[in-house]
Each structure stands twice: as structure tokens, then as C-alpha cells.
Amino acid sequence: MATKLISRLTSWFRLHRRIMLENGSGVGGADANFGRGIGAMAPVTLWRGKTIIRPLLECSKKELRQWLVARDLSWREDSSNQNREYLRNRIRNHLIPLLEESYNKKIQERLATLAACVQEDQASIENSARNVYQQLAVRSRDQIHILLDCLLPLSKAIQRQITRLAIGEVCGNLKRIDFRHWKEVEDLYYFRPG
């Protein structure tokens, strides 16, 4: 188990160093997605324009406690982690144990793997959309124009990202923009063009 923790920490430091080199500061430039989604559960994610790195996310509490005990170190836990008022705690303390017991003992591992895959897919979609956006976006004063004839043949995933980029450019950020807004825009694209 100690080897597993050291391996994860080593990977984390390599990744963090790469992010620092790529971004100059370790802080990403993207705002949260429309409803951050499962990709936000990955060990490295962007949130509110900052890179969040959680190197031990895939380690269980039991593994971490055993590692600390073996080194005569004490466990510390934030008292807010037991507060049922927070959804994350209800998921962590009640839903995950129920899923482990009733459905899949490795649910946390499976969710972490899924989150990492989704995050990679999301990054690819964002890069593709950014390239297409640069070709399609026509700027005039404080407006962005994109021809529907060019936008509609694209996949909905790319359409969503292009819409995010346009909103972010016009508004300066994506605060208070969520998936519901995308559905309203999609309705405009497909059912009320013109």
C-alpha cells in the first residue's frame, strides 16, 4: 500500500509540474462547465478558473489511515465532513457506502476511472470546439455572430462548447450559466431559427 501511495504522489507531482509549465502558474483558464458534471470528480479538474489537484482522491480513507498509523502520524479530519447539510457529505457518508454494500464494492474506483475518462474526453471536445469557434465566430462591437448553417451540422457536444465560448467572450465569464440555459439556446437553434 505504501508503494501505491508513493506512486500516486509521484504521478501527482509530475502532473502538477506539467500543468505549471503549460499554464505558467498552475491555474487554468476555463470556467466550470454547464453543470460541472462527472468530469469534476477527476483527480485534476478546473473549477472557477483554477486547477484543482487531489492526488489522493483514488485512495480510500482506510488506506490513508493505515499509511499514517504505520508512520506514527495522526489522522485529522475537518468537522464539516460529517455535516449532513452538505450534499457531498450525504453522498460520501451514506450513498457511496450503500452502493458499495448493495451493488459494487469497487464503486469509488470505478467512478474515479469514469471521471478521469470523461475529463479527457471533455478536454478533447473543448479543444476541437475552440478551433471551430475561431473559424466561425464573427465579432462586431460587443456581439458574436455564428451562422446556424455552419453550427447545426456539428455535434451537440461541439455546439455546447461553442455556445459556452461565445457566452464567455461576450459576458466575460460563465457564472450562473448552467445546463438549463444550454437547453434554452438549443431550443432557439432548432425550433426557432431566424
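The values are calculated or read from the model by the stated rules, or taken from the named source; none is laboratory data. All figures in this text were calculated on a predicted structure; none of them were measured in a lab. Because the Cβ atoms are built from the backbone with ideal geometry, glycine has one as well, and the counts that use them run over all protein chains shown. Note: areas computed on protein heavy atoms with side chains; ligands, DNA, RNA excluded. Shrake-Rupley method; radii C 1.70, N 1.55, O 1.52, S 1.80 Å.
The apolar share of the surface of the stretch 112-194, taken as the fraction of accessible area on carbon and sulfur atoms (1.4 Å probe, ligands and nucleic acids excluded), comes to 55 percent. Taking a straight Cα-Cα cut-off under 18 Å and skipping sequence neighbours fewer than 8 places away in the same chain, the aspartates and glutamates within cross-link reach of Lys156 are Glu120, Asp121, Glu126, Asp178, Glu184, Glu186, Asp187. Here the stretch 151-194 is assigned +1 on the Cβ of each Lys and Arg and -1 on the Cβ of each Asp and Glu. Its dipole about the Cα centre then comes out at about 120 debye.
Under 5 Å from the amide H of Ile52 lie the amide H atoms of Thr45, Leu46, Trp47, each residue being 5 or more positions distant or on a separate chain, with H modelled from the backbone and absent for Pro and chain starts.
For Lys62, a cut-off of 19 angstrom between C-alpha atoms picks up these aspartates and glutamates, skipping any fewer than 8 places away in its own chain: Asp72, Glu77, Asp78, Glu100, Glu101, Glu109.
Take the eigenvalues of the Cα gyration tensor for the stretch 45-194, scale each by 5, and report the square roots as semi-axes in whole Å, largest first.
Square roots of five times the eigenvalues give 42, 17, 16 Å.
Compared with the alpha-carbon gap, the fully stretched path from Arg130 to Gln82 is longer by 13.2 nm at 0.36 nm per residue.
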